[in-house]
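Below: one structure, written as structure tokens.
The values are calculated or read from the model by the stated rules, or taken from the named source; none is laboratory data. Small disclaimer: the values here were computed from a predicted structure and weren't measured. Here Cβ is always computed from backbone atoms with ideal geometry, including for glycine, and neighbour counts include all displayed protein chains. We work out accessible area using only protein heavy atoms, side chains counted, and drop any ligands, DNA or RNA first. Shrake-Rupley method; radii C 1.70, N 1.55, O 1.52, S 1.80 Å.
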Amino acid sequence: MHAFHAFCRQSLESIRAQGRYRTFTPLLKQADRYPYYRDTEGNDVLVWSSNDYLAMGGHPVLIEAACEAARTMGAGAGGTRNISGTSPLIDALERELADLHGKQAGLLFTSGFVSNQAALSTVLNSLPNGPDERWQVFSDAKNHASMIAGIKGSRAIVNIFRHNDMAHLETLLQATPAAAPKLIVFESVYSMDADIAPIGAICDLAARYRAMTYLDEVHAVGMYGPNGGGVSERDRVAHRVDIIEGTLAKAFGCHGGYITGDSDVVDFIRSTAPGFIFTTSLPPSTAAAALASVRHVKQDHARRVALFERADMLKRKFDAAGLPRIDSVSHIVPLHIGEAALCTEVSQRLLSEFRMYATPINYPTVPRGEERLRFTPGPLHTDSMMDALVAALLAIIEPARRAAA
């Protein structure tokens, strides 16, 4: 056996012993009965952890658009954007996304992870490498792994500021050479802690210290703002952010990632980012569904209202039952468990005993001791569904904690 094989086996044994081994649950999404899925035995499973926040994934408008595109254009794009993979659908979708964020241009990627990794590494590797020419990047301590990957793949000097801590960010900016190019990288809605960045305050600091800004809106696009442009639209500061990144795989119910910004900046990334140039374009059915979704969601204000009303209702029901809810100012509702094995057990018992699915969030996604279940109630989760969830959690959590003690 090669030494690496032994290393893999030992590492997996350690992960299992810590109770944080990842198991994937195969569930069949039911487009016409969402948020119900089916397990491999044909049983209904009520899902509480989907990122299909607005229940758009099964919307007839999207399905018809996808089917029509597949019938007329086939299943795959057939190449990269430079090799026959740019269709009129792709061009229209990029224009629609630019308009969503009030920007000059948009650029599609194969996923939100790729859009962050490719765009950030490309920008941060773009300038000469001299002492005062090297990028200084300021990254929130709780930024997503895709943003961290993009930053690590660059030559930039990395400064990590405490989560949403403007005083610490300013201290780091002050300590940086005034002439050095600077980029502040942050999210709007942080999906694990369910809190929101002070975008306006970050833009104030960026203006004061001549820094550019890069905002990840993946957990906010479609849901926040009058037209679904995200927290930056809600707070009326989108025009102050240089690059806004988002996804089509969450509230829009499809797949793919994107960036929007100044036309020259977007064109530079389009022309030089390997993660964009050397990968196959989104399939026609996906692009068509995403285009239909963005256009629909911009106008479907009632769906956004329903999302936040449902999230608020679940928070109130958790609080009334005395469940250990983590405070949240967003649509995401985390429930503190505090130990990896217990978190996994609660999730497994919810599924096996109550036919409900909620993903356990364990280390290293969150720090040790902060393990949690993450709930994302949407427009189609009813009061009776919530009552059944609360009853199930009460039946599982306290007895499980006593048994573990």
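Quick test of the membrane-span-like rule: which DSSP H helices of the chain reach at least 15 Å along their long axis (C-alpha atoms) with mean Kyte hydropathy at least 0.0? Spell out each step's value before the answer.
Details: long enough: 3-17 (21 Å, 0.07); 60-73 (19 Å, 0.74); 88-100 (18 Å, 0.25); 112-124 (18 Å, 0.98); 284-299 (23 Å, 0.14); 301-321 (31 Å, -0.53); 340-354 (20 Å, 0.48); 383-404 (31 Å, 0.87).
Result, helices passing both filters: 3-17, 60-73, 88-100, 112-124, 284-299, 340-354, 383-404.
Rounded to the nearest whole angstrom, the semi-axes of the ellipsoid equivalent to segment 325-405, taken from the Cα gyration tensor as √(5λ), stand at 20, 17, 10, largest first. Across the accessible surface of the chain, with the other protein chains kept in place and a 1.4 Å probe, carbon and sulfur atoms take up 55 percent. Under the rule a/c < 1.5 gives rounded, and otherwise a/b versus b/c splits prolate from oblate, where does segment 206-273 land using the Cα gyration tensor? Oblate shape, in that a/c is at least 1.5 and b/c is the bigger or equal ratio. Spread over its residues, the convex hull of the C-alpha atoms of segment 288-379 is 134 Å³ per residue. Which of the lysines could a cross-linker span from LYS29 if the Cα-Cα distance has to be under 19 Å and same-chain partners fewer than 8 positions apart are dropped? In chain and number order, the partners are LYS250.
Mind checking the full-extension length gain between ARG236 and ARG368? Use 0.36 nm per residue of separation minus the Cα-Cα distance, one decimal, nm. If you can, show how the numbers build up before the last one.
Values: separation 132, 0.36 × 132 = 47.52 nm, distance 3.65 nm.
Contour length minus the Cα-Cα distance gives 43.9 nm.
Here the simple spin-label model places points 7 Å from the Cα toward Cβ, and for HIS168 and ARG208 these points are separated by 1.7 nm.
For the chain, give the share of DSSP beta bridges that are antiparallel, in percent and rounded to the nearest 5; count only bridges with both residues there.
Values: 25 of 44 bridges.
The antiparallel fraction comes to roughly 55 percent.
Taking a ≥ b ≥ c as the square roots of the Cα gyration tensor eigenvalues, with a/c under 1.5 meaning rounded and otherwise prolate when a/b beats b/c, else oblate, which class fits segment 1-158?
Working: a/c = 1.96, a/b = 1.09, b/c = 1.80.
It is oblate, given that a/c is not under 1.5 and a/b is not larger than b/c.
The dipole here belongs to segment 174-251: it is taken about the Cα centre, uses +1 on the Cβ of Lys and Arg and -1 on the Cβ of Asp and Glu, and is about 300 debye.
Looking at the calculated P(r) for segment 39-93, what percent of the C-alpha pair distances fall above 19 Å?
Numbers: 779 of 1485 pairs.
Summing the P(r) tail past 19 Å for segment 39-93 gives 52 percent.
Solvent-accessible surface (1.4 Å probe) assigned to VAL266 amounts to roughly 10 Å².
Find how much the distance from ALA388 to GLU353 grows on full extension, using 0.36 nm per residue of separation minus their present alpha carbon separation; answer in nm with one decimal.
On the way: separation 35, 0.36 × 35 = 12.60 nm, distance 1.21 nm.
This chain segment gains 11.4 nm when fully extended.
Simple rule: put +1 on each Lys or Arg Cβ and -1 on each Asp or Glu Cβ in the chain, find the dipole, and look at ILE244, THR25, MET385; the Cα lying farthest toward the positive end is THR25. Residue separation of GLN299 and GLN104 scaled by 0.36 nm, minus their Cα-Cα distance, works out to 68.1 nm of gained length.
At 222 nm, what helix-only mean residue ellipticity would the chain give, in deg cm²/dmol to the nearest 500, using -39500 (n - 2.57) for each DSSP H run of four or more?
Numbers: 14 runs with 174 residues, N = 405.
One gets -13500 deg cm²/dmol as the mean residue ellipticity at 222 nm.
Between ALA178 and ASP262, the FRET efficiency from the beta-carbon distance, with R0 = 25 Å, is close to 0.65.
Computed over protein heavy atoms with a 1.4 Å probe, the accessible surface of the chain works out to 44 Å² per residue. The modelled label-to-label distance for the pair VAL329/LYS152, using points 7 Å beyond Cα in the direction of Cβ, is 3.0 nm. Pop a pseudo-label 7 angstrom from the Cα along the beta-carbon direction at both ASP319 and THR272 and give the gap in nm to one decimal. Using points 7 Å along Cα→Cβ, the separation is 4.9 nm. Candidate cross-link partners of LYS142 among the lysines, defined by an alpha-carbon separation under 17 Å and a same-chain spacing of 8 or more, comprise LYS152.
Using only the alpha-carbon atoms of the chain as identical scatterers, what base-10 log of I(q)/I(0) does the Debye formula give at q = 0.06, 0.12 Å⁻¹? Normalising to I(0) and taking log10 leaves -0.26, -1.04.
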